[in-house]
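The values are calculated or read from the model by the stated rules, or taken from the named source; none is laboratory data. Treat the numbers as computed from the prediction; the structure is a model and nothing was measured. For neighbour counting, all protein chains shown are included, and Cβ atoms are generated from backbone atoms with ideal geometry for every residue, glycine included.
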Amino acid sequence: MSDAVLTMAGVEYAYRRTAALRGVSMTARAGEIVAVTGPSGSGKSTLLHIASGVLRPQAGTVRLLDHDLLSIGEADRCRLRRREVGIVLQFGQLVPDLPLIDNVALPLLLDGNDMAGARTAAAGWLERVQLDGMAAVIPAELSGGQAQRAAVARALITGPAVVFADEPTGSTDLLGGELLLDLLIGAVRERNAALVLVTHDNTIATRADREVRLRDGLVDHEVRLT
Amino acid sequence: MATSEVLLALLGEQPRHGYEIKHEYDAWFPDSKPLAFGQVYSTLGRLERDGLVEVVETRQDGAPQRSVYALTDQGRRHLRDWLTKPAPAEGTSAEEIVRKTVAALRTGTDTAGFLTRQRASHLRRMRELQQQPAGRDPAFRLVRAHTLARLDADLRWLDLAAELTHRAQERGSNP
Amino acid sequence: MKTATALLLARPASTADRIRAWSAAVCLGIAGGLIMIAIQITTCGGVIPPTPVGPGGPFSATGLSPLVIEEDINLWIVGLTLLLTGLVLALGWQLLRLGSDARERRMTTLWLAGATPEQTSTIAVIDSVRTAVLGGLLAGPAYLLLWVLLGALPPAGVKMVLAPQLTELAPWPIVILLTALVGAAAGKFTCQPVISTSPRAGRRTLWAGSRWATHTAAALVLATPAGVILALGMIDPGGTGVWLFGGMLLLIVAAPVVLGVLAVMWSAQRLRAHGTPIDVLAAAVLTGVPGPTGRAVGVLWICGFGVGTVTATGGIDLAHRLAYHPAEDESFMDFFTAYTLTLLVEWTLVGAVVIAATLALSMVERLHDARRTIASLAALGVDAATLLRVLRRQLTVPSMAAMASGTLAGVASLSLSMPSSNNLPGLLDLGVLAAVLVLPVLFIYLVAIVLASALRPRLRAAMDPENLRTV
């Protein structure tokens with residue numbers, strides 16, 4: 001039984017007066033793929049943002065890779081997000097006027113690696129996500145699917161132990177979405193990392209090992225798929 | 001059209017005679033073809049033979065004799081099983097899921113639980129199919145895609161059903 | 001993060017960013033040059049004793065204008081120069097601070113990728129320091145250019161500065177350092193990443209939650225010493241220069257930040273009470289983020305002050321000269337010529353440029369800050385023409401009020417503090433005063449109209465529903 005890489009307990013979050021999460025508990029283990037589903041407004045994206053350290057919950061605890069996200073400082077959370085956690089959002093993630101190769105290499109660059117090494121690694125990943133030859137292109141010139149694949153490459157370049165993905169196939173077409181998921185799941189399985197996937201699409205949810213279904217800011221039920 | 005279990009559900013609320021059964025059925029499924037009396041009585045006969053229903057009284061108020069049917073203990077057990085276990089995802093017509101759900105709602109059985117289980121069954125079946133490679137043959141890929149599309153459609157309906165049930169429960173009423 | 005990385009990430013990549021950076025550098029360069037001019041003018045004062053008024057006028061061998069030679073007026077001139085420096089600095093600051101969409105998104109995406117707050121801060125600071133140092137480097141050439149404008153071109157008797165010597169370039173490195181600090185401060189305060197998963201979780205402004213009480217208190221705290229100092233200056237003519245100096249410096253600090261915000265909030269209330277739908281919309285957008293508009297309004301107030309000071313007395317003197325032809329010695333004419341040529345033209349023209357630029361920047365900033373509001377209004381069916389009118393209204397109401405009151409204050413304080421002009425105002429004087437008050441205000445109105453049409457493409461960009469999308 002592998003250890004839990006993510007443990008959330010009693011997490012609450014509200015935007016001004018609207019409660020998005022009203023006490024959610026969830027775990028994810030190494031090598032596991034968890035799909036978080038639910039109707040819109042159920043709090044899926046908020047859950048993901050809290051689990052990855054982008055938002056701070058107003059109540060509850062979040063343990064990510066043996067770090068208590070609430071007690072470590074902002075700088076440490078950022079470093080965690082850079083090295084051991086990968087995030088893939090639906091859009092708006094790549095730095096707008098940076099060429100693709102630098103975008104993908106960004107986590108390595110922010111960590112203090114030298115430019116040459118980081119760019120070499122990024123080139124390798126661009127090839128893997130079938131974007132080789134687009135190293136100098138800027139994000140504005142990419143299609144939705146291409147941008148998402150670049151985002152996946154960036155999320156995986158530091159070899160994270162946990163990857164969070166929020167509707168990663170949101171801006172892609174059907175076949176592009178399949179390719180994206182294949183790449184993502186393949187890479188995650190390869191290194192026995194955990195993948196927490198927020199989606200409203202059942203066909204994507206079925207690719208997970210376990211489904212956590214939210215409703216109205218609470219966990220409604222879980223379905224074990226393997 | 002396998003209506004036996006639905007008749008059991010109709011009798012699960014209270015004992016009824018044939019005429020009442022037909023009208024209740026039509027009220028439960030207003031969009032479908034009205035149930036024929038002949039089918040009602042032949043199904044009732046079959047259920048009686050199998051020991052799932054029994055005649056509890058025979059009314060006689062000047063009108064032609066009307067037998068009132070009710071569930072036997074075996075019948076009650078059979079109904080409970082039907083409402084608890086999810087329908088197999090494969091080879092099941094969509095109507096079966098609808099019938100079960102309506103029956104569960106009408107008889108006040110744990111609908112949410114049933115829907116959860118049915119959803120899980122569908123999800124697992126979808127996953128099974130996705131894991132098996134469809135190969136390159138376009139015809140087979142099409143068949144596979146259609147099966148998956150139907151399962152997805154059923155799942156979306158189940159999600160909707162869960163949502164409506166939940167909201168109705170919150171309001172404290174029973175549809 | 002290696003230096004190379006920081007430099008890579010701090011580079012402005014879009015054309016708009018590059019233009020913005022260069023404009024900010026030029027502003028800072030001019031401000032630096034002006035500071036060096038001010039220092040030079042200070043050294044001119046009192047060094048050459050004022051020659052007695054004679055048939056040839058108070059010419060000195062250097063050809064310097066008597067305004068610069070006489071000690072107390074000299075300080076006044078230096079003060080005005082510093083005022084102008086402050087204005088140009090404010091412009092430069094606004095440019096440095098101007099949040100283009102690209103910059104904001106860039107900071108947010110960097111943060112999402114795992115950049116720590118220190119790292120985003122560093123990157124933003126490098127970006128602005130790079131621009132600022134460029135501006136500092138431009139200060140030297142700007143100083144030389146200003147010397148040409150103020151020292152070489154003007155005929156003898158009107159010159160403001162002497163020929164530059166190498167020693168006068170000594171302040172240049174200090175200026176570069178100062179501009180670098182200004183850049184660092186600007187970068188530090190503008191690197192907040194914006195992350196919102198709900199359209200309602202918007203960016204918090206500097207003045208979030210603070211309202212009338214806080215602003216009024218801050219205004220009193222900052223404005224009282226300035227007012228006291230100015231009043232002392234008026235009462236005590238001997239120490240006029242120093243007091244005016246100090247008062248003016250305080251004004252440069254106080255007015256943009258606080259008084260401007262107060263003025264904006266006041267005008268927003270008045271607009272809301274008006275009732276016209278356009279006014280109400282204008283009020284809504286104004287109250288959202290009063291900071292930048294407030295700053296611009298403060299700058300305009302100071303502008304008005306400067307313009308009032310300079311043009312009023314010049315205008316009055318000119319009017320008197322034309323009307324009465326007094327049997328005075330030509331010294332008056334020479335004095336007046338020096339006055340009009342150096343101050344009137346320079347200051348009014350420069351003032352006009354600064355006003356126009358400030359208004360333009362304000363509008364651009366407004367279009368950026370309020371883009372979500374504008375996009376929602378556009379989605380609701382408000383058309384571009386109406387929105388333009390709203391923007392113009394937003395800008396002109398507080399600006400014209402600021403300009404008028406600043407001009408009035410300038411005229412008043414100069415007239416009261418200059419012991420020479422102590423005749424009671426006659427009809428001619430009042431007529432000139434009225435013109436002085438009305439013309440700048442009219443100017444602002446016209447500039448606003450021109451700007452509104454020139455910025456139409458930017459408005460269209462702000463109306464794009466893409467702005468309603470959140471990260």
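Per the conditions (1) surrounded by 12 or more Cβ atoms within 10 Å (Cβ to Cβ); (2) closer than 25 Å to residue B:24 by Cα, the sole criterion not satisfied by residue B:108 is (1). Of the residues C:159, C:188, the single one that is at pLDDT below 80 and within 27 Å of residue C:117 (Cβ to Cβ) is C:188.
Has the range B:133-151 got any residue that is acidic (Asp, Glu) and either away from chain A (no Cβ under 14 Å) or touching a strand residue (DSSP E or B) at 6+ places or on another chain (Cβ under 6 Å) (or both)? Scanning the range B:133-151, I find at least one residue that is acidic (Asp, Glu) and either away from chain A (no Cβ under 14 Å) or touching a strand residue (DSSP E or B) at 6+ places or on another chain (Cβ under 6 Å) (or both), so the answer is yes.
Residue B:94 meets the conditions (1) at the interface with chain A (Cβ under 9 Å from one of its Cβ atoms); (2) surrounded by fewer than 18 Cβ atoms within 10 Å (Cβ to Cβ) in every case but one. The failed one is (1).
Conditions (1) small (Gly, Ala, Ser); (2) surrounded by fewer than 17 Cβ atoms within 10 Å (Cβ to Cβ); (3) under 30 Å from residue B:17 (Cα atoms), marked per residue:
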| position | (1), (2), (3) |
| --- | --- |
| B:70 | yes, yes, yes |
| B:86 | no, no, yes |
| B:99 | no, no, yes |
| B:134 | yes, yes, no |
| B:143 | no, yes, no |
| B:148 | no, no, no |
| B:155 | no, no, no |
| B:158 | no, no, no |
| B:170 | no, yes, no |
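Can you pull out the residues in the range B:4-16 that are surrounded by fewer than 19 Cβ atoms within 10 Å (Cβ to Cβ) and either more than 20 Å from residue B:71 (Cα to Cα) or touching a Lys or Arg at 6+ places or on another chain (Cβ under 8 Å) (or both)? Across the range B:4-16, the qualifying residues are B:4, B:13. At pLDDT 90 or above, surrounded by fewer than 20 Cβ atoms within 10 Å (Cβ to Cβ) and of a type in the set (D, E, K, R): does that describe residue A:191? Against the criterion (at pLDDT 90 or above, surrounded by fewer than 20 Cβ atoms within 10 Å (Cβ to Cβ) and of a type in the set (D, E, K, R)), residue A:191 qualifies.
Of everything listed in (1) facing chain C (nearest Cβ under 8 Å); (2) under 19 Å from residue A:162 (Cα atoms), the single unmet condition for residue A:94 is (2).
Would you say residue A:112 is at pLDDT below 90, surrounded by fewer than 23 Cβ atoms within 10 Å (Cβ to Cβ) and over 29 Å from residue C:116 (Cβ atoms)? No, not satisfied.
Annotation note: of C:434, C:452, C:448, the sole residue that is under 30 Å from residue C:106 (Cα atoms), at pLDDT 70 or above, in a helix (DSSP H, G or I) and not charged (D, E, K, R) is C:452. Of the numbered conditions (1) small (Gly, Ala, Ser); (2) surrounded by 14 or more Cβ atoms within 10 Å (Cβ to Cβ); (3) out of contact with any Phe, Trp or Tyr (no Cβ under 8 Å at 6 or more places or on another chain); (4) assigned by TED's automatic domain parsing to the domain that holds residue B:158, residue B:139 fails exactly one; give the number of that condition. Residue B:139 satisfies every listed condition except (2). In the range A:53-77, of all residues being away from every other protein chain (no Cβ under 14 Å) and β-branched (Val, Ile, Thr), the one that is surrounded by the fewest Cβ atoms within 10 Å (Cβ to Cβ) corresponds to A:61. Residue count for the range A:199-215 under the criterion of being free of Cβ contacts under 8 Å to residues at least 60 places away in the same chain and within 15 Å of residue A:45 (Cα to Cα): the result is 1.
The number of residues in the range A:190-226 that are within 13 Å of another protein chain (Cβ to nearest Cβ) and in a helix (DSSP H, G or I) comes to 4. Residues in the range C:102-145 that are in a helix (DSSP H, G or I), among the β-branched types (Val, Ile, Thr) and facing chain A (nearest Cβ under 7 Å): C:109 only.
If the condition is being within 20 Å of residue B:73 (Cβ to Cβ) and modelled with pLDDT under 85, then the range B:15-63 contributes B:56, B:57.
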